[in-house]
Amino acid sequence: QQRIAAILDQADAIIQNNRAIVQKYDALTQSLFLDMFGDPVKNEKGWEKNNCRNILKVIGGGVFKSSDYVKNGIPLIRIGSVNKGYFDDRETVFIPETYIKTHKKYLVYPNDLLITLTGTVGKNDYGNVFKLGNDYEKYYLNQRVAKFEINETKIDSVFFEFYLKQNEIKKLLTSVSRGVRQANISNEDIYNLEIILPSINLQNQFAERVAMIEAQKQQAQLELAKSEELFQSLLQRAFKGELN
């Protein structure tokens, strides 16, 4: 039993190390943002500011029922699968391709920038922004998850993504109390948000550096996934008495 415990402890240590590496890449991006643009609320660098309503549109998702689900089709992005700030495909449901005829405006694609609009008061399960990956060529967007359509002559989508990920900016979006347990961000909350506007060239430089960091982070995430799979495999073998 001690030998099995030692093996599992070693596997868990690898997981924790890989997780720490991923977190360091996140911290590096955060540090890069602050170094290049400063605190976006205090705006010590004196950047021009504008309301989000003048540089983007917020496009909400549609209403899909469980009776619409099929085994194969176009995956549906539901708030429960993205409220952690990434697309968790472990419980993916699908909508028929034929729905495109009536639901085309709810299609989203890889690299689209999304935000979760509903969660629980006091929890970090809403107001989370993420860029959609390329696991599928297209997706349907469910209600209470929204897509940004950005005027890219004024703002770079990567800059905007990490702008919204700044803690103080997220607090501005999620601090609106409407006296209910369920927390909601409205389109108006986003449109009324002020944003700093550094030069588009500087924003593009930030995006290029983030791309390099994200490439390294993806490798770390792959290693993390492998270590988690290894741990689960060892755990199953231990339960079956096959680990010795």
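So for each of 106-118, 228-240, 188-200 I average, over its residues, the number of other beta carbons within 10 Å; can you give me the resulting order with the highest mean first?
106-118, 188-200, 228-240
What whole-number distance in Å separates the alpha-carbon centres of the stretch 17-39 and the stretch 201-219?
Centre-to-centre (Cα) distance: 11 Å.
Across the stretch 210-215, in residue order, what do the Karplus-derived ³J(HN,Hα) couplings come to in whole Hz, using 6.51 cos²θ - 1.76 cosθ + 1.60 with θ = phi - 60° and x for Gly and Pro?
Along the stretch 210-215, the couplings run 4, 4, 5, 5, 5, 4 Hz.
Name the long-range amide H neighbours of Val70: under 5 Å, sequence gap of 5 or more, or other chain; modelled H, no Pro or chain starts.
Here the answer is Phe94, Ile95, since their amide H atoms fall under 5 Å of that of Val70.
Please calculate how many Å² of accessible area the chain carries per residue, with a 1.4 Å probe and no DNA, RNA or ligand atoms counted.
Ligands and nucleic acids excluded, the result is 58 Å² per residue.
Listed here are the pairs Lys104/Lys226; Lys71/Lys171; Lys123/Lys147; which of them are more than 32 Å apart at the Cα? Before the final figure, lay out each step's value.
Details: Lys104/Lys226 37 Å; Lys71/Lys171 39 Å; Lys123/Lys147 22 Å.
Check vs 32 Å cut-off fails for Lys104/Lys226; Lys71/Lys171.
Roughly how big is the stretch 106-244's charge dipole about its Cα centre, with Cβ charges of +1 (Lys, Arg) and -1 (Asp, Glu), in debye to the nearest 20?
Its charge dipole is roughly 480 debye.
Accessible area of the stretch 96-244 with a 1.4 Å probe: how many percent of it is carbon plus sulfur? List each step's numbers first, then the result.
Numbers: 3900 of 8320 Å².
Result for the stretch 96-244: 47 percent of the exposed heavy-atom area is carbon or sulfur.
Tell me the GluC sites (Glu not before Pro) within the stretch 59-157 that lie in a loop according to DSSP and have at most 15 other beta-carbon atoms within 10 Å.
Counting only loop positions with at most 15 other Cβ atoms within 10 Å, the GluC sites (Glu not before Pro) in the stretch 59-157 are Glu137, Glu152.
The values are calculated or read from the model by the stated rules, or taken from the named source; none is laboratory data. These figures come from a predicted structure and were not determined experimentally. Glycine also receives a Cβ, built like all others from the backbone with ideal geometry; neighbour counts cover every protein chain displayed. In case anyone asks, the SASA skips ligands and DNA or RNA and just uses the protein heavy atoms, side chains included. Shrake-Rupley method; radii C 1.70, N 1.55, O 1.52, S 1.80 Å.
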